[in-house]
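Here the structure comes first, spelled out in structure tokens, and everything after it is commentary.
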Amino acid sequence: MLTSRFATLHKLGCTALLSLSVLASSAYAADPVKVKFFLDWRFEGPSASFLMAKAKGYFAQEGLDVQIDSGNGSAGAVTRVATGAYDMAFADFNALIEKESQHPDTGIKGVYMLYNATPAAVFLLKSARVKMPADLKGKTIATPVFDAARKAWPAFAKKVRLSKDAVTWQSADPTVTANLLVRKNFDAISGFYFTNLLNLEARGAKADDLTIFPYAQYGVDLYGNTIIASKEMLEKHHDTIKAFLRAFNKAVQETLADPVSATKFVKEPDSLIDLPLETRRLQLAFDQLVVTPETKKNGLGSVDPQRLSNSISDVVAAFDLKETPKTDALFTSALLPASADRTVR
């Protein structure tokens, strides 16, 4: 009888321990996966979808704890992922091509192409009397050294039949280039279309006062910004990348449906932003770069393989790179959300 009682108590104890073990295991499994994510630029309208996915709990619902930090340029974003400081980032695809050409062992790839076209453009005041790209010959353009438009200038110059040495480049901090143009310190500035246009308007220039040459409208068929993932993430954490992209894609769809509401999420990390200004910036970026004939055909985040190959060759030539990376070393569509979830109209 006593032995039986001990046996029963032992059985109950083991059951309790097993239950505690299961609970502990479940709690451990439920711990969110931490992901460090780096933006290409400051918290502005176009970053709304990333911030929305975090604020509305879409990342959390996928079991992720995502840290989103503001950036200071695509080259820096690529470098931070290459060094392992960040797991994923948002960066100009052409900066990734450059990095891969110079350091083919980084293993970084694009996994979601948000900007289906390059936003690079050159801006002038109409008082400069430049009516067509050919008139840029002899002009001085102020821009940061890392500026995407500056780097891709040879590709643009080739399309408009200008020598790549037809202009003079003046290095300048990105926070002052708009002021430099408004004050007529230089003939022109370059940069992302939606960034410079609104920065110029904020400094008193009107759209009618400007002459703008968007590269994409002159045959420069380069892709724009993509979400990139580190070599370790791509080799060991496919499910984490997929989860991140599902949450982000959901936020992109909501941003397309209601950009005004989406922009409000940008105000959470930066209470000083001008909501109407950033809403317009977001709309410019998404209308021109996200919703395109290609994305309507193939869905958000995807690329056209032949166009991708051509764009890589164009960047290699424009940047004067020695090696031409293979397409599958730079981008993968294998981790994208289901095509039905990426449909745009």
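Spatial offset of segment 39-103 relative to segment 222-288 amounts to 9 Å, using the alpha carbon center of each.
A simple spin-label model places the labels of residue 56 and residue 321 3.5 nm from each other, with each point 7 Å out along Cα-to-Cβ.
Summing charges over neighbours of residue 312, with a neighbour being any other residue whose Cβ is under 12 Å away from its Cβ, gives -4 when K and R count +1 and D and E count -1.
Per residue, the chain exposes 48 Å² of solvent-accessible protein surface, assessed with a 1.4 angstrom probe and all protein chains in place.
Cβ under 15 Å from residue 109's Cβ, residue 109 left aside: what net charge do those residues give with Lys, Arg +1 and Asp, Glu -1? Numbers along the way, then the final one.
Working: positive: 99, 231, 236, 242, 326; negative: 87, 92, 98, 100, 105, 232, 235, 328.
Net charge around residue 109: -3.
Each Lys or Arg adds one and each Asp or Glu subtracts one; over the other residues with Cβ under 14 Å from the Cβ of residue 130, this totals +3.
With contributions of -39500 (n - 2.57) from each DSSP H run of at least four residues, the per-residue ellipticity at 222 nm computed over the chain stands at -12500 deg cm²/dmol.
Close amide H partners of residue 64, meaning residues 5 or more places away or on another chain with modelled amide H under 5 Å apart, are 33.
Exposure check, 1.4 Å probe, all protein chains in place: residue 43 carries approximately 40 Å² of accessible surface. Between residue 217 and residue 261, the FRET efficiency estimated from the beta carbon spacing at R0 = 30 angstrom works out to 0.50.
Mind running the shape call on segment 98-154? Use the C-alpha gyration tensor, a ≥ b ≥ c as the square roots of the eigenvalues: rounded below 1.5 for a/c, prolate if a/b tops b/c, oblate otherwise. Verdict is prolate for segment 98-154.
Report, to the nearest whole %, how much of the accessible area of the chain belongs to carbon and sulfur atoms, 1.4 Å probe, protein only.
On the way: 8630 of 16690 Å².
Roughly 52 percent, rounded to a whole number.
Sorted by accessible area with a 1.4 angstrom probe, largest first, how do 281, 183, 307, 203 fall?
Highest to lowest solvent-accessible surface, that is 183, 203, 307, 281.
For segment 106-162, applying the loop criterion from DSSP together with a ceiling of 14 other beta carbons within 10 Å to the trypsin sites (Lys or Arg not before Pro) yields 129, 131, 137, 161. Residues 341, 304, 147 ordered from highest to lowest accessible area at a 1.4 Å probe: 341, 304, 147. Per-residue 3J(HN,Hα) values for segment 176-185, derived from phi via the Karplus relation 6.51 cos²θ - 1.76 cosθ + 1.60 with θ = phi - 60°, read 10, 4, 4, 4, 4, 6, 4, 7, 6, 6 Hz in sequence order (x marks Gly and Pro). Distance between the 7 Å Cα→Cβ label points at residue 131 and residue 176: 3.5 nm.
A 24 angstrom limit on the alpha carbon distance is what I want to check against. Which of 131/206; 36/242; 250/326; 36/297; 34/250 exceed it?
Values: 131/206 17 Å; 36/242 15 Å; 250/326 30 Å; 36/297 32 Å; 34/250 20 Å.
Beyond 24 Å: 250/326; 36/297.
The values are calculated or read from the model by the stated rules, or taken from the named source; none is laboratory data. Fair warning: this is a prediction, and the values are worked out from it, not measured in the lab. FYI the Cβ positions are ideal-geometry reconstructions off the backbone, even for glycines, and counts take in every protein chain you see. Remember, those area values only see protein heavy atoms, side chains included, never the ligands or the DNA or RNA. Shrake-Rupley method; radii C 1.70, N 1.55, O 1.52, S 1.80 Å.
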